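J.: Take this structure first; my questions come after.
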Amino acid sequence: MQLSTGRLLLRPWAAQDEEVVFEACQDPEIQRWTTVPSPYTREDARQWLTEIAPSGWQAGTSTPLAVVDAATGQVLASVGLHLIKGDRCEVGYWCAPWARGRSVTSEAVTALCRWGFAELGMHRIEWVAGVGNWASRAVAQKCGFTIEGLAREGMHQRGGHIDCWTGALLHTDEVVDRRPLPAPPTLTDGVVTLRPWSLADLPDTVRACNNPDMARFRSVPLPYTEEHARHWIDRFAFGGWAEGTGTEFAVTDASSGALMGGAGLKLRLRPLGIAEVSYWTAPWCRGRGVAGRAARLCSDWGLAALGIQRVELLADVANHASQLVAERAGFLREGVARSARRAREGSPRDFVQFSLLGSDLPGAPAP
């Protein structure tokens, strides 16, 4: 059988796919989050293509499919319905590194689920992913799956049990994008560019956060390790977008792409139309207006795209550099919020409060 979305073709795996499956499954993220063997050998690829995938079709328990470019035939991803029993099953997928960022997986999963409901008579298609697999969660939500909860040690992987998220799509569900935030954009003013964080940013993040000045006004651990950076990117940068709690951007040089810092919006008060902007600049980029540009870029985007009316900025009363950034970025100083935050050692600290309103944007109507 074959399914077509126009630009994509979903077809059964074939023996000639051995090399591309082997290459794709060398990816650390595929090995981290799926049940493929690690390390992954050509023999593993051959066994998948000639034994495991065909046996699933023959037994009627799974429908593993290759997702290929309809024009070129290049393999881009893998999707399938598994653990088929009666009118319910589980969806699984991975995307090859060279095809990411093009909505390939979500397009293929949507087509697969539509086929499962119409042709296989499925009533409920379930989704399971290890906690922290934000990319898989985003795909599921984009395809209309409802996240239903967390199953403690509900997933078996690499000889152990891990916590997992669970979700489902019912045949009666409206297929709408259920992500709480729009897809992370890339923002630029020609000098700095704000883009989603990547695990490739780990070395520069560690180098920046081990600077003593970073720890003076930010609650970063010292010494700051790669494990700290990975946890922050996984839990807060990726997790914030997936859960709708924050929008963290990597700030880069618009010309070279080099990491210059970070900026983001905290959205715990988004239902009230309020966000809080935060930012930091790598020591090697200070004095170049990076923080102000980044703060204004992500704040303007938040006011325009997220339905908020007010962006707040809090700067420690002793952090005169951050206060100057706020003023130069066009934020209005409103006063001092007493004991608004705690210092690293736990003592309360006063913070100067600034704000930027939607009506402050160029061309906005007067309030």
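J.: Within region 228-252, work out how many residues are hydroxyl-bearing (Ser, Thr, Tyr), in a strand (DSSP E or B) and touching a Lys or Arg at 6+ places or on another chain (Cβ under 7 Å).
T.: Number of matching residues: 1.
J.: Can you tell me which residue within region 248-266, out of those that are in contact with a Gly (Cβ under 8 Å, 6 or more places away or on another chain) and buried (at least 22 other Cβ atoms within 10 Å of the Cβ), is farthest from residue 203 (Cα to Cα)?
T.: 265
J.: Right, here's the next one. Can you report the number of residues in region 132-161 which are crowded, with 16+ Cβ neighbours inside 10 Å and either more than 29 Å from residue 306 (Cα to Cα) or over 19 Å from the mean Cα position of the chain (by Cα) (or both)?
T.: Number satisfying all stated conditions: 2.
J.: Hey, can you tell me all the residues within region 308-362 that are among the small types (Gly, Ala, Ser), within 32 Å of the chain's Cα centre (by Cα) and in a loop (DSSP other than H, G, I, E, B)?
T.: Passing the criteria: 329, 330, 343, 346.
J.: Return the total of residues in region 183-221 being within 21 Å of residue 315 (Cβ to Cβ) and either aliphatic (A, V, I, L, M) or outside any helix (DSSP H, G or I) (or both).
T.: Number of matching residues: 9.
J.: Only one of 275, 295, 237 is at pLDDT 95 or above, within 22 Å of residue 207 (Cα to Cα) and not hydroxyl-bearing (Ser, Thr, Tyr). Can you tell me which?
T.: Within the list 275, 295, 237, the selection yields 295.
The values are calculated or read from the model by the stated rules, or taken from the named source; none is laboratory data. Quick caveat, the model's predicted, so the values are computed rather than measured. Cβ sites come from the backbone with ideal geometry, for glycine too, and all protein chains shown count toward neighbours.
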